[in-house]
1. How many residues does the stretch 24-57 hold that are farther than 14 Å from THR171 by Cα, polar (S, T, N, Q) and in a strand (DSSP E or B)?
2. Of all residues being loosely packed, with under 14 Cβ neighbours inside 10 Å and more than 18 Å from ILE155 (Cβ to Cβ) in the stretch 57-79, which is modelled with the lowest pLDDT? Just the residue, please.
3. Looking at (1) at negative phi; (2) modelled with pLDDT under 90; (3) touching a strand residue (DSSP E or B) at 6+ places or on another chain (Cβ under 8 Å); (4) surrounded by 13 or more Cβ atoms within 10 Å (Cβ to Cβ), can you tell me which one PHE14 breaks?
4. TYR114 - would you say it is aromatic (Phe, Trp, Tyr), at pLDDT 75 or above and more than 18 Å from SER158 (Cα to Cα)?
5. Would a scan of the stretch 91-102 turn up a residue that is in a strand (DSSP E or B), under 13 Å from VAL141 (Cα atoms), modelled with pLDDT of 85 or more and in the same structural domain as PHE34 (by TED's automatic domain parsing)?
Amino acid sequence: MKLLKTHPSWIVTFLFCIVMSHSAHSTLIFTEDFDTEQSVLEDRGWSFSGNTLLSDDPLNGSTALHIGIGSNPGIIETLTFALIGWTDTLFIDFDYATVGNRDRWNTRWFDVQYFDGVDWQNIDDGRILRNVSGSYTLSVVYDPSVLTETQLRFIGKSDSGLNYGALDNLTVRVPEPSSLAILALGLIGLGARRFAK
């Protein structure tokens, strides 16, 4: 009780730091659910080549982007987007579904890449996503002093028939400053205030 009476602002500041440390999550760069026309996406800076099609999503019935229908690959590239300077990690969240003959190991292949300013680099080379439907989070660690903007590329391919991968609910984000970092800064401030007295 003595601490509460003599240092009420200390308690309030400490509680504020705890609340703020739990509220830090991530900053959204862009999101796309593909519930629009392909021409609209192209107007926004997306590009499409090979076999791609906007159609019903086998995961949830909404519109999804089908990539690599049949034996011909499909490639999509996102718009170019800026990377925010306080972090060195990019997160890519999306839903992916395989459609077709799931009993054959080589039926579908789905690559995810990012542009490093010079060339395309693999984030996932297809081993994780091949024939496995679900929600995924991939990450890229980069040097923010070198890479200030980038694009993503998705490549779908299969061996034959009407096999393909369906991409939906794409979200690209970066983490906000760490919760622990916010808490540490708050504690440093409290310590400095205490010694100043």
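1. Qualifying residue count, the stretch 24-57: 4.
2. By that ranking, first place goes to ASN60.
3. With (1) at negative phi; (2) modelled with pLDDT under 90; (3) touching a strand residue (DSSP E or B) at 6+ places or on another chain (Cβ under 8 Å); (4) surrounded by 13 or more Cβ atoms within 10 Å (Cβ to Cβ) applied to PHE14, the lone miss is (3).
4. Yes.
5. Of the stretch 91-102, the ones in a strand (DSSP E or B) are 91-99.
Within this subset, residues satisfying the condition of being under 13 Å from VAL141 (Cα atoms) are 91-92.
Narrowing further to those that are modelled with pLDDT of 85 or more: 91-92.
Narrowing the set further to residues that are in the same structural domain as PHE34 (by TED's automatic domain parsing) leaves 91-92.
Yes, the stretch 91-102 contains at least one residue that is in a strand (DSSP E or B), under 13 Å from VAL141 (Cα atoms), modelled with pLDDT of 85 or more and in the same structural domain as PHE34 (by TED's automatic domain parsing).
One line per residue, one yes/no per condition, for (1) surrounded by 13 or more Cβ atoms within 10 Å (Cβ to Cβ); (2) at pLDDT below 90; (3) touching a strand residue (DSSP E or B) at 6+ places or on another chain (Cβ under 7 Å):
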{"residue": "VAL140", "(1), (2), (3)": "yes, no, yes"}
{"residue": "LEU147", "(1), (2), (3)": "yes, no, no"}
{"residue": "ASN163", "(1), (2), (3)": "yes, yes, yes"}
{"residue": "GLU176", "(1), (2), (3)": "yes, yes, yes"}
{"residue": "GLY191", "(1), (2), (3)": "no, yes, no"}
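The values are calculated or read from the model by the stated rules, or taken from the named source; none is laboratory data. Keep in mind that what you see is a predicted model, and the values were worked out from it rather than measured. Note that we place each Cβ from the backbone using ideal geometry, even for glycine, and neighbour counts take in every protein chain shown.
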